[in-house]
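The values are calculated or read from the model by the stated rules, or taken from the named source; none is laboratory data. This one's a predicted model, so the numbers in the text were calculated from it and none came from an experiment. Virtual Cβ from ideal backbone geometry, glycine too; neighbours counted across all protein chains shown. Just so you know, the surface numbers come from the protein's heavy atoms only, side chains and all, with ligands and any DNA or RNA stripped out. Shrake-Rupley method; radii C 1.70, N 1.55, O 1.52, S 1.80 Å.
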Amino acid sequence: MNYAYILGKLRGDVFPHDIVTIGGASTMAIVGLGVLLYLTFSHRWTWLWREWLTSVDHKKIGIMYIVVAMIMLLRGGFDALLLRTQQATSVGSSHGIVSPNTFQQIFSAHGTIMIFFVAMGLMFGLINLALPLLIGSRDVAFPFLNLTAFWLFAGGMILINLSLGIGEFSAAGWLAYPPLSEINYSPGVGVDYWIWSLQIAGIGSLLSGINFLSTIVKMRCRGMNLMKMPMFVWSVMGSMLLVLFAFPILTATLSMLFLDRTIGTHFFTASGGGNLMMYVNLIWAWGHPEVYILILPAFGVFSEVVATFSRKRLFGYTTMVWAIAVITILSFSVWLHHFFTMGAGADVNGFFGIMTMVIAIPTGVKLFNWIATMYRGRISLRLPMYWFLGFVALFTVGGVAGVVMAVPPADFQLHNSLFLVAHFHTMIVGGVLFGYFAGINYWFPKFIGFKLNETLGKCAFWCWVVGFLLAFIPLYILGFMGATRRIDHYSTSLGWHPLFIVAGVGAGIIALGVIFTLLQLIVSFIQRKDNLDLSGDPWNGRTLEWSTPSPVPVYNYAIEPVVYDRDAFWDIKEAARSGKKLPAPEYEDIVMPKNAPASVIIGLLAIGLGFGMVWHIWILVGLCFAGIIITLLIRTTGEDPHEYVLRAAKVEEIEKATRARGVAHV
Amino acid sequence: MSKEKPVAVVSKHSTEYGTLRTYFTGYILSIILTLGAYLLVVNRHTIERSVVLILIVAFALIQFLVQLYYFLHLGKETKPRWKLFVFGFMVSVVLILVFGSIWIMNHLNTRMTPAQVNTYLSNQGGGF
Amino acid sequence: MSDTAEAVITFVPDTDKESKAIFGFWIYIMTDCVLFASLFATYAVLRNNTFGGPDGAQIFNLPYVLAETIVLLTSSFTCGLGILSARRRHKNKVLMWFSISFFLGLTFLALELSDFRHLAAMGDSWRRSGFLSAFFTLVGTHGAHITVGLFWMATMLFRIWQVGLTKANVRRLTLLSIFWHFLDLIWIFIFTIVYLFGVMQV
């Protein structure tokens, strides 16, 4: 029998050979298996399926995103430890702990995972949690689309983790430039795994972009004009506009690379009329907006955090809005700075260099506005503010390093050096990650119902900051000394070794920071009964979400809020304090969306489709694709709006049970 | 405090429908513009080349606007004109992407000698 | 402060299902435009990379393409007429107009596939050169969208025939019509930039 149809390129020797990969794959498999067995023997599958996996509650979806992102942080972080260890030990006659090919797969996986699954995951997680509440809405615009987007994201994550055990991963870096990523130089399945986990997760991102932009446009509560929206909402709007217009470029480019590799097209091949530089051009036309997609919501979190913990209105609301708008627009005008050295000449390089410097200005405006917010505020130095202050220090340094490289002649020396690596890590860790950590710490009590342990959180924070400085300041120096990125071995005579050792120690301290974060979660959970958020407003907040009980009921707001000004909740509290009587609430029936098993099915079928594409099992691709179509057809058959009604009496019951503590409501 | 009458009206898309007349107009205009461009190219040897090019681009852009208005009802939104806003943003991104890419890719041979460029071009059969 | 503020609520949420769906779908269409723009940009960069193979002037048959264009344009028009009938709740007219659109769309696809097969048979497939890769992918992606549209149209025809013009069906038909019109819009650019420019050897 011809097994090629059902096995494609799968053969017996697809399992890993080196100890590091075997270790990683086994760990994942054992932990995964352990979780599945636990769920089975404690009879929790029904609960998990009903309460979490098929839930279209945006709050649950947000938590699922963050859980997936944190798991991937562990994997990406462990990759980082391996990379640092290799570079700290692979000097002179020693060749470190991994082979060059494995090293290349590790840094490719590290970058891909951190950007697409950790950063994007935390971002979509926080947006899911907070956005509807901040705009006074009961839900997102398209709940089914929301869950489907999550399952596509999770599907991509599962596919990339499968590559650890079955086959191999890409060794072509996190962006897989041709000709290395073309079929003749990467004949294995690695690059295909990379392509398809990103395609699937990328479609999830697009769907989320559609959803969140529609939510902001259509579902704001009564009275919330654009200029009364919380700053986080503005930042999400900018970010989602970027998602909508940048991700299709990625979809197209990944598709073209896959066509090159599979059906013999000549988009980016070295001969045959291909133009490999067009790949670099297109991938960065996506790639630059992508980093602004990541940072804008982090800026939004900081706007909320700084105002709340300075007990003061955000300074310069209008200029903050304009800064977001300018950053959003300019994101599309700087992408060539990622390839100044590709030969475009002074006119082109000069234009993009200037635009790169210009885009630093609105970011500066935001920074000054946050500081101005703190000035003469009554500052409460809680954990979210720690993350903000860490951000101010790190992001400024990383930012000016970026402006240095915005000058093309300087970039000719620094391009693809460790100076570049240090710069973008400073931005992403010091900016994106710190922002999302601040957001998680800030909103945790609201969504989980108890406060996080501050001490352990502060330990985590200091480990992250000290560890980061130790890990990356040496890299800035090494960059100036001529060290390029992605090297798995170097000569002793270069004098780089001591700096790499310091960097290795720094990475270890960051790992300690991650451990402290895990400890924080565990200890907080154990001590939760002593730290319940009873008032729903643990930080004396300014925005609408703090008017709900913690954790938030499924419908968010029993009474739809009406808003008259910015910092709507602060307004209400002021009114309550001045003795204004709030009328008794009149509850009404609330229409809620039902669970959507179809989303899970689509996610699983997407994994199958991706796996089939990777291994050329075309029957699997066909079946999974047909399955997705059929699932959608079944879902959309008939008039069923997939909703249920929560009776007013039930709403009243839930409200009375959770509001025994005199929370001001809208 | 609970049930005030809103001052503004919810934006509904009821102004965004067509009529038989508008669809017909759009169709006829599109046919004319398509045939016009076609005839220009078919007869290109009798007309100045740059004139042909400018006209077919113009006809394409006009037909684009015609179909956007008559078939897709863009521009008939009541305020706030979100669809128009998102459309405008998309057009900007598309223009930057397409013309930016052409500009960039065209300049990649800036630092090559004419001899190097010729070798490259002949290898590719005439590309950038 | 609040008493005077009560009179000036100037924003109310829009939770009408059809309005939300149309807006969300419109945004999706915008993303699809950027996808096509990426393919157009690639086509523009690779259009002269013929690698010894044929260029556009040698393989494009303008009268044939004109026929395809008129067919698709008419299909877009009858789709619009179908929507008018849907608004007036004329079930049979809806079925008629959308069947015509479907048939015309199918004709378009058949013409295009026939052209592709002819080219491939002569050895001028997507494997031949960068130019041909870009051509087949750009035009082929449009054809793939047409195929999806035809499946969708067939599904809608079946559902409307079976249960009639329910609110949900009219909403979905509206989304389909936006999709179908958008495909004709993209075709204007393919017609001009690929075929007309190609023949003019731009």
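General observations
- Odd one out for B:ILE32, checked against (1) open to solvent by less than 70 Å² (accessible area, probe 1.4 Å); (2) more than 7 Å from chain C (Cβ to nearest Cβ); (3) more than 24 Å from C:ILE29 (Cα to Cα): (1)
- Selection within segment A:303-334 - open to solvent by 10 Å² or more (accessible area, probe 1.4 Å) and within 14 Å of chain B (Cβ to nearest Cβ): A:ALA325, A:VAL326, A:ILE329, A:LEU330, A:PHE332, A:SER333
- Among residues of segment C:37-52, those that are β-branched (Val, Ile, Thr) and more than 7 Å from chain A (Cβ to nearest Cβ), counted: 0
- Unmet requirement for A:THR308, which otherwise passes all of (1) touching a helix residue (DSSP H, G or I) at 6+ places or on another chain (Cβ under 6 Å); (2) part of a helix (DSSP H, G or I): (1)
- Only residues that are in contact (Cβ under 8 Å) with a residue 40 or more places away in the chain and within 11 Å of another protein chain (Cβ to nearest Cβ) were counted across segment C:136-153, and they come to 3.
- Single condition A:GLU586 does not satisfy, out of (1) within 14 Å of chain C (Cβ to nearest Cβ); (2) among the charged types (D, E, K, R); (3) within 30 Å of C:THR10 (Cβ to Cβ): (1)
- Some residue of segment C:67-87 being more than 18 Å from the chain's Cα centre (by Cα), surrounded by fewer than 18 Cβ atoms within 10 Å (Cβ to Cβ) and in contact (Cβ under 8 Å) with a residue 24 or more places away in the chain: yes
- Selection from segment A:257-269 of residues that are more than 7 Å from every other protein chain (Cβ to nearest Cβ) and buried (at least 21 other Cβ atoms within 10 Å of the Cβ): A:LEU257, A:ASP260, A:ARG261, A:PHE268, A:THR269
- Comparison of A:ILE630, A:ILE602, A:ILE607 shows that the only residue that is modelled with pLDDT of 95 or more, closer than 28 Å to C:ARG171 by Cβ and under 27 Å from the mean Cα position of the chain (by Cα) is A:ILE602.
- Some residue of segment A:197-218 being within 14 Å of another protein chain (Cβ to nearest Cβ) and within 21 Å of A:GLY8 (Cβ to Cβ): yes
- Looking only at residues in segment A:574-607 that are within 21 Å of A:GLY627 (Cβ to Cβ) and of a type in the set (Gly, Ala, Ser), the one that is surrounded by the most Cβ atoms within 10 Å (Cβ to Cβ) is A:ALA606.
- Condition check for A:PHE332: over 23 Å from the mean Cα position of the chain (by Cα), under 30 Å from B:TRP103 (Cα atoms) and part of a helix (DSSP H, G or I): no
- Within segment C:110-130, the set of residues being part of a helix (DSSP H, G or I) and in contact with a Gly (Cβ under 6 Å, 6 or more places away or on another chain) comprises C:GLU112, C:GLY130.
- Restricting attention to segment A:130-189 and to residues that are in a helix (DSSP H, G or I) and of a type in the set (Ser, Thr, Tyr), the residue that is modelled with the highest pLDDT turns out to be A:THR148.
- Flag: C:LEU165 matches the condition of being assigned to a loop (DSSP other than H, G, I, E, B) and either within 10 Å of another protein chain (Cβ to nearest Cβ) or in contact (Cβ under 8 Å) with a residue 12 or more places away in the chain (or both).
- Helices (runs of 4 or more DSSP H) enclosed by segment A:1-97 - at least 3 residues per element that are within 20 Å of A:PHE124 (Cβ to Cβ) and open to solvent by 30 Å² or more (accessible area, probe 1.4 Å): A:58-89
- Helices (runs of 4 or more DSSP H) completely within segment A:549-666 that count 2 or more residues being in contact (Cβ under 8 Å) with a residue 60 or more places away in the chain and within 30 Å of A:PHE169 (Cβ to Cβ): A:597-615, A:618-635
- Just one of the listed residues (A:ALA109, A:ALA119) is touching an Asp or Glu at 6+ places or on another chain (Cβ under 8 Å) and open to solvent by less than 20 Å² (accessible area, probe 1.4 Å), namely A:ALA109.
- Single residue of segment A:270-300 satisfying the filter (in a loop (DSSP other than H, G, I, E, B) and within 8 Å of chain C (Cβ to nearest Cβ)) that is farthest from C:GLY123 (Cα to Cα): A:ASN275
- Some residue of segment A:626-637 being under 20 Å from C:THR155 (Cα atoms), open to solvent by 30 Å² or more (accessible area, probe 1.4 Å) and polar (S, T, N, Q): yes
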